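Each reported figure results from applying straightforward, stated rules to the coordinates on display, with no laboratory input. Here the structure is a predicted model, which is why all the values come from computation and not from measurement. With ideal geometry, Cβ positions are generated from the backbone for all residues, glycine too; neighbour counts draw on all protein chains shown.
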Amino acid sequence: MIQELFESNCPELKLVARGKVRDLYEIDENSLLFVATDRISAYDVIMNSAVAGKGKILTQISVFWFDFLKDIVPNHLITANIDEMPEVVQQYRDQLSGRSLLVKKVSVLPIEAIVRGYITGSGWKEYQAKGTVCGIELAAGLRESQKLPAPLFTPSTKAEYGDHDENIHPDRCAEIIGAQRAAEMAQSAVALYAKAAEYAAGRGIIIADTKFEFGVDAQG
């Protein structure tokens with residue numbers, strides 16, 4: 001029987017934050033540890049109950065996609081194998097095994113890189129009102145959840161916890177992080193979405209849209 005983990009308890013590790021699902025620890029000046037707990041949340045509210053094993057499944061999914069998409073853009077994953085982590089982490093293997101990612105520290109860019117392959121959700125709401133998504137004009141007559149002619153980069157701001165992200169035009173993204181970074185982000189995000197969507201479609205799954213977060217290390 002899988003034991004539920006609502007909250008990790010690793011007193012010899014430096015706890016940085018507890019999110020809606022993940023606990024974050026600093027291991028050293030170059031690395032962090034993400035722990036996927038079994039907490040569940042809805043609309044930014046953390047429930048009092050948990051789903052046993054959920055965090056381990058989330059971790060397996062993350063590891064798969066990091067590996068599958070690593071040829072498009074490098075990622076921050078060092079290892080998901082508890083045996084390859086520092087001894088200070090290994091001492092908590094009963095809690096952390098199968099649900100932890102050791103990652104490189106990077107500087108997070110303050111943009112949510114959203115890519116839409118279908119028009120739905122907030123994109124559909126804006127389109128109904130203005131004929132646009134993130135200020136990008138689209139063809140008239142689209143139907144809800146219709147597939148777009150090509151994946152569309154529709155960024156948003158990255159809000160602080162408790163606040164809501166704001167959809168922005170790609171030009172505004174360039175103003176925030178610089179034109180070159182914005183262009184690299186858009187190109188990488190669309191390429192990541194296209195490869196993932198093709199893989200999923202071959203297995204009967206539609207990825208209508210998704211969100212990526214990007215960061216830069218000391219080498220840029």
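Under the Kirkwood approximation applied to all pairs of distinct alpha-carbon atoms, what is the hydrodynamic radius of the chain in Å?
Roughly 19.2 Å, rounded to one decimal.
Cα centroid separation, region 1-17 to region 73-143: 22 Å. Straight Cα distances below 20 angstrom link LYS70 to the lysines LYS104, LYS105, LYS195, LYS211, with same-chain residues fewer than 8 positions distant left out. Of GLY202, LEU101, ALA52, whose Cα points farthest to the positive end of the dipole of the chain (charges on the beta-carbon: +1 Lys, Arg; -1 Asp, Glu; origin at the Cα centre)? Selected residue: GLY202. With Cα atoms as the point set, region 44-96 shows a radius of gyration and Dmax of 14.1, 39 Å.
Model label points for THR120 and GLU29, set 7 angstrom from Cα along the Cα-to-Cβ axis, are 4.7 nm apart.
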